[in-house]
Amino acid sequence: MALLQISEPGQTTAPHQHRLAVGIDLGTTNSLVATVRSAQAQTLPDENGHHLLPSVVRYGEEVIEVGDAAVEHAVKDPSNTIVSVKRLMGRAAADLKSLGESSPYEFSTGDSSVAKIKTRSGDVSAVEVSAEILKTLKNRAIATLGDDLVGAVITVPAYFDDAQRQATKDAARLADLNVLRLLNEPTAAAVAYGLDTGQEGVIAIYDLGGGTFDISILRLKQGVFEVLATGGDSALGGDDFDHVIAEWMLQQAAYKKTPSPSLVRLLMREARSAKEQLASDNEVNIKVEAEDFKWQGVLSLSQMRDLIEPLIKKTIMACRRSLRDADVSAEDVLEVVMVGGSTRTLAVREMVGEFFQREPLVSIDPDKVVAVGAALQADVLAGNKPGDEMLLLDVIPLSLGIETMGGLSEKIIYRNTPIPVAKAQDFTTYKDGQTAMAVHVVQGERELVDDCRSLARFDLRGFPPSVAGAARIRVTYQVDADGLLTVSAREENSGVEASVDVKPSYGLTDSEIETMLRDSMDHASDDMHSRMLREQQVEAERVVEALDAALKKDGDELLSEEEKGNISEARELLVNAKASDDSENIKAAIKKLENACADYVARRMNSNIRNAMQGHSVEEYAGKDQE
């Protein structure tokens, strides 16, 4: 089916004018750049004919090396040679311990919560390291295409959160690249395979790269890709396969010491080489000699499968969760697309095929498929295909909400909502004379703010004072096509407004997201009880404050001492109930206080009516009604 394009403002092109745009797969292990030439998407090689650029950067005393030149120093100079930097994107130093592997780097935070790596050339952040990789790819594209680029589509794992996506955009800005869009890697793979022209239905994209795993469940309908659900692990990939094989080598050699960073790098390199050879052979001979470590042996295909099977099972568990989130079964899946160099491992293909009960698609080079899909999308966004449209709908992984009185989380955008999306909700003031409101943006599935993740805070100030409940404050949440959030608040009567771009300094790990989702299900009953309790406590506080204000104004005038005593007794009962954890008890105490105040409320109403009519006759109002 032909794809149709709806050009974005300012992006229409004159006939025969071709704008140069590229797709970039910024990978954990390797990165690529691709473009569309002569209607064909193709990856671009360097001057040596290499398409893959190792995602490795070495900081020397006077020069920064990227790619193959940096890889040569990874073993001898590990502390200044940065590998797998994608795992560090958008993270703080405190989070790095969750990445699942020992690190040869020394981190420095200084005054910033963003982790920086100490190198010979000074402290560098993951954003700066990634920018060096992007610069190299950009220069390769310009040298090949012969002109400047109008922009690039850069791919990211589907489970990257706001901080990680923003860090990727920041890296592109440092590399002087115009980002046309951040595109989820699995979605790019679907485009590369041309699944938009195939049978409509559910497609699974299994993306296992060097350092990250993503599973996305897509639905194709009338040329539209909608991500029904996403899952994965940003700290699981082929690097972890290498790691367990390297540990196996240490065990086989009966090596008892703590290996040095150089030895770890050497063992990882040999492990990767053995793994790649076992993609075609049944066994491989391994020989390692370095420092005080010497060992040689044989690793068979079945031995490697036993070593890596627990890691592959982790990916299968994520597949099962994503199918459940998408409300589909494995039998509903029409095609399974294999993406990422680690899917060359036969054990991966076999176990994925067993789970989905079908042979996965492996015809396109798994290392290149994401870059090719990104290039096709970049070509459309640059305006080079006036007859095409490619609509890609992704989803947010966790609900976005706002804190309300009592520490409750009010969800505004629910998880798995397609993006881009904008939703608004109206709120009002809690107290008389209020001229400001604090907006607290939270993320998560739990009912209480304390159990969710805080994203941002800002204040809306300067709207006119009024009685409680009179102000009308509209809070709008807007998530753009790149998955980045902007929150704005506006007092509708006065026009006063404020907003914030949510750019946390570091993000959630995928295990934390998984934990938050599981907790929301495990604690659903407790959360609902807590929410009901908080709501009744807030209502009790409101009732007590309103009563105290009324009594102060006219209690002595309208109430006898006996009536005051009854109301005071009911008020005390409510105050005590509010301190308990029984929402029904609080509700009953509120009802009892309302009954005790019923005559008082009626007298106040009559008094207010008399004051309003003072100096006027009933005939005046009757006359107005007849007009």
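List of remarks:
- Residue check, LEU44 at pLDDT 85 or above and open to solvent by less than 40 Å² (accessible area, probe 1.4 Å): yes
- You will find that of GLY194, GLY201, GLY211, GLY146, the residue that is closer than 26 Å to ILE396 by Cβ and either open to solvent by 10 Å² or more (accessible area, probe 1.4 Å) or at pLDDT 90 or above (or both) is GLY201 and no other.
- All conditions but one from (1) modelled with pLDDT of 90 or more; (2) at negative phi; (3) open to solvent by less than 10 Å² (accessible area, probe 1.4 Å) apply to LEU26; the one that does not is (3).
- Of VAL264, VAL227, VAL202, all but one fail to be farther than 19 Å from ALA330 by Cβ and of a type in the set (Val, Ile, Thr); the exception is VAL264.
- Contacts under 7 angstrom Cβ, first residue in the stretch 574-595 being open to solvent by 90 Å² or more (accessible area, probe 1.4 Å), partner at pLDDT below 85, 6 or more apart: ASP581/LEU533; LYS587/GLN536
- Criterion (modelled with pLDDT of 90 or more and either open to solvent by less than 50 Å² (accessible area, probe 1.4 Å) or more than 24 Å from ASN184 (Cβ to Cβ) (or both)) met by exactly one of GLY49, GLY90, GLY10: GLY49
- Taken together, ARG518, ARG531 contain a single residue that is open to solvent by 90 Å² or more (accessible area, probe 1.4 Å), at pLDDT below 70, of a type in the set (Lys, Arg) and in a helix (DSSP H, G or I), which is ARG518.
- In the stretch 340-348 there is at least one residue matching the filter, namely being open to solvent by 20 Å² or more (accessible area, probe 1.4 Å) and of a type in the set (Gly, Ala, Ser).
- Test: residue in the stretch 241-254 that is acidic (Asp, Glu) and open to solvent by 30 Å² or more (accessible area, probe 1.4 Å): yes
- Whichever residue in the stretch 486-503 is at pLDDT below 80 and not in a loop (DSSP other than H, G, I, E, B) and, among such residues, is least open to solvent (accessible area, probe 1.4 Å): VAL500
The values are calculated or read from the model by the stated rules, or taken from the named source; none is laboratory data. Because the structure is a prediction, the values reported are computed rather than measured. For neighbour counting, all protein chains shown are included, and Cβ atoms are generated from backbone atoms with ideal geometry for every residue, glycine included. With ligands, DNA and RNA removed, areas are computed over all heavy atoms of the protein, side chains included. Shrake-Rupley method; radii C 1.70, N 1.55, O 1.52, S 1.80 Å.
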